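Each remark here refers to the structure printed beneath this line.
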């Protein structure tokens, strides 16, 4: 897919901006804290329905203003489309697709992006929550209905934890009902994660081999709460685990196992990259992970997603920069950076200074 334009109004520190993009590489160039990442964030919002920086939508509105607007025009499977997101102080956002108001859940899967920003370089070293978040956002682009299941699971989990913490007799009588519903949705989530990760591994392994000239391999080990030894656990196995852990959960006052504990181990040469990989190898693993995500989206949709690189090139050595530069040829790419790289001589450059854009 191709993003042809972006309009911003009172978004972060940008009062007004209209961009017309090149189908190849587009660079947002400027010093730190000038607004480059705000543009990347605006594009990402159309894809993921959430910011990668702030949980509060109020933060997206320019200081002193009551509302903000982002609007994009793009081509997907050759068809011209547009999407608009309006943010308001004190009420929920509004989303319009081709002029028609839609629900946030209906916006998922419309505009496809893969985002790579500095925090992603910590995916190998970070805790399980960050790796689950990566999987969940990536899967939601391929399967938008997955996001609804995530929300349902979170709601059920919060209710179950409330019952475990308060231990009121009338509420404890409903615990079995919550367990059945949690097991039904949770088993779907965990199996979907496992399946997606296996498909991702196929692409990541090839990419790692290319980066290392055949000297290194990458594979992923999905680590489920269930640990049954089966390749695919079931709703019944999930329920049995909940029942087995019930006394412990009552003692703790929260749900100690479930899909909210899923994780995966990133391995290089069949050893955990977190413990045995050098910093360079760990970064290669994360690069492979993100580039594999793009390949999988291409496999699913027939088109490459838009690639967003927020200030990551300064974090990579020459070899990895060169590999990414070669790998993104033929794709639409958006890069925020403090200095224009040698590999992007034909790029469209937008200079960003204090929220104002020239280019």
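The values are calculated or read from the model by the stated rules, or taken from the named source; none is laboratory data. Only a predicted model underlies this, so the values are computations on that prediction, with no experimental measurement involved. Neighbour counts run over all protein chains shown; Cβ positions are idealised from the backbone, glycine included.
Of everything in the stretch 308-352 that's assigned to a helix (DSSP H, G or I) and touching a strand residue (DSSP E or B) at 6+ places or on another chain (Cβ under 6 Å), which residue is nearest to residue 2 (Cα to Cα)? Even if it seems obvious, please write down each step before you answer.
Step one: list which residues in the stretch 308-352 are assigned to a helix (DSSP H, G or I), which gives 313-315, 318-327, 342-344.
This time we only want the ones that are touching a strand residue (DSSP E or B) at 6+ places or on another chain (Cβ under 6 Å), so: 313, 344.
Working: 313: 22, 344: 18 Å.
Checking each candidate, the answer is 344.
Counting only residues that are touching a helix residue (DSSP H, G or I) at 6+ places or on another chain (Cβ under 9 Å) and at negative phi, which one in the stretch 343-359 is surrounded by the most Cβ atoms within 10 Å (Cβ to Cβ)?
So in the stretch 343-359, the residues touching a helix residue (DSSP H, G or I) at 6+ places or on another chain (Cβ under 9 Å) come out as 343-344, 350, 352, 355, 357.
If we keep only those that are at negative phi too, we end up with 343-344, 350, 352, 357.
Working: 343: 16, 344: 19, 350: 20, 352: 24, 357: 20.
This residue is 352.
Please list, ordered by first then second residue, the pairs with beta carbon atoms under 6 Å, 6 or more apart or interchain, first in the stretch 331-350 and assigned by TED's automatic domain parsing to the domain that holds residue 319 and farther than 16 Å from residue 320 by Cα, second part of a loop (DSSP other than H, G, I, E, B) and modelled with pLDDT of 80 or more.
As it stands, the answer is 331/304; 332/23; 336/311; 348/22, since those pairs meet every condition given.
Could you please let me know if residue 54 is at pLDDT below 95, in the same structural domain as residue 355 (by TED's automatic domain parsing), within 30 Å of residue 284 (Cβ to Cβ) and under 19 Å from the mean Cα position of the chain (by Cα)?
Working: at pLDDT below 95: yes; in the same structural domain as residue 355 (by TED's automatic domain parsing): yes; within 30 Å of residue 284 (Cβ to Cβ): yes; under 19 Å from the mean Cα position of the chain (by Cα): yes.
Yes: the conditions hold for residue 54.
In the stretch 62-108, what residues are crowded, with 18+ Cβ neighbours inside 10 Å, farther than 17 Å from residue 308 by Cβ and in contact with a helix residue (DSSP H, G or I) (Cβ under 7 Å, 6 or more places away or on another chain)?
68, 87, 95
Okay, residues lined up against (1) within 30 Å of residue 111 (Cβ to Cβ); (2) modelled with pLDDT of 95 or more; (3) outside the structural domain of residue 265 (by TED's automatic domain parsing); (4) surrounded by fewer than 20 Cβ atoms within 10 Å (Cβ to Cβ):
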residue: 124; (1), (2), (3), (4): yes, no, no, no
residue: 130; (1), (2), (3), (4): yes, no, no, yes
residue: 135; (1), (2), (3), (4): yes, yes, no, no
residue: 139; (1), (2), (3), (4): yes, yes, no, no
residue: 143; (1), (2), (3), (4): yes, no, no, yes
residue: 154; (1), (2), (3), (4): yes, yes, no, yes
residue: 160; (1), (2), (3), (4): no, yes, no, no
residue: 164; (1), (2), (3), (4): no, yes, no, no
residue: 171; (1), (2), (3), (4): no, no, no, yes
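Suppose we filter 50, 71 for residues that are within 28 Å of residue 300 (Cβ to Cβ) and in a loop (DSSP other than H, G, I, E, B); which single one remains? Write out each step before concluding.
Numbers: 71 fails: in a loop (DSSP other than H, G, I, E, B).
Just one listed residue meets the conditions, 50.
Listed here are the residues, each with its yes/no results for (1) at pLDDT 95 or above; (2) closer than 20 Å to residue 105 by Cα.
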| site | (1), (2) |
| --- | --- |
| 3 | yes, no |
| 7 | yes, no |
| 14 | yes, no |
| 20 | yes, no |
| 32 | no, no |
| 41 | yes, yes |
| 48 | no, yes |
| 70 | yes, yes |
| 78 | no, no |
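For the stretch 276-304, how many residues meet the condition of being part of a helix (DSSP H, G or I), surrounded by fewer than 18 Cβ atoms within 10 Å (Cβ to Cβ) and out of contact with any helix residue (DSSP H, G or I) (no Cβ under 6 Å at 6 or more places or on another chain)?
The first filter runs over the stretch 276-304 and keeps only residues part of a helix (DSSP H, G or I), leaving 276, 279-301.
Next, only the ones that are surrounded by fewer than 18 Cβ atoms within 10 Å (Cβ to Cβ) stay: 276, 279-280, 298-301.
Subsequent filtering for residues that are out of contact with any helix residue (DSSP H, G or I) (no Cβ under 6 Å at 6 or more places or on another chain) retains 276, 279-280, 298-299, 301.
Number satisfying all stated conditions: 6.
Looking at the structure I just gave you, is residue 110 assigned to a strand (DSSP E or B) and within 21 Å of the chain's Cα centre (by Cα)? Steps first, please.
Values: assigned to a strand (DSSP E or B): no; within 21 Å of the chain's Cα centre (by Cα): yes.
Answer is no for this residue.
Please state which of the following conditions residue 252 fails to meet, knowing it meets all the rest: (1) at pLDDT 95 or above; (2) in the same structural domain as residue 172 (by TED's automatic domain parsing); (3) under 26 Å from the mean Cα position of the chain (by Cα).
(3) is the only condition that residue 252 fails.
Is it fair to say residue 247 is part of a helix (DSSP H, G or I), more than 22 Å from residue 116 (Cβ to Cβ) and in the same structural domain as residue 153 (by TED's automatic domain parsing)? Full working, then the answer.
Values: part of a helix (DSSP H, G or I): yes; more than 22 Å from residue 116 (Cβ to Cβ): yes; in the same structural domain as residue 153 (by TED's automatic domain parsing): yes.
Taking the combined requirement at face value, the residue satisfies it.
Restrict the check to the stretch 29-50 and report whether at least one residue is on the phi > 0 side of the Ramachandran plot, touching a residue at least 24 places away in the same chain (Cβ under 8 Å) and either surrounded by fewer than 18 Cβ atoms within 10 Å (Cβ to Cβ) or not assigned by TED's automatic domain parsing to the domain that holds residue 330 (or both).
No: zero hits.
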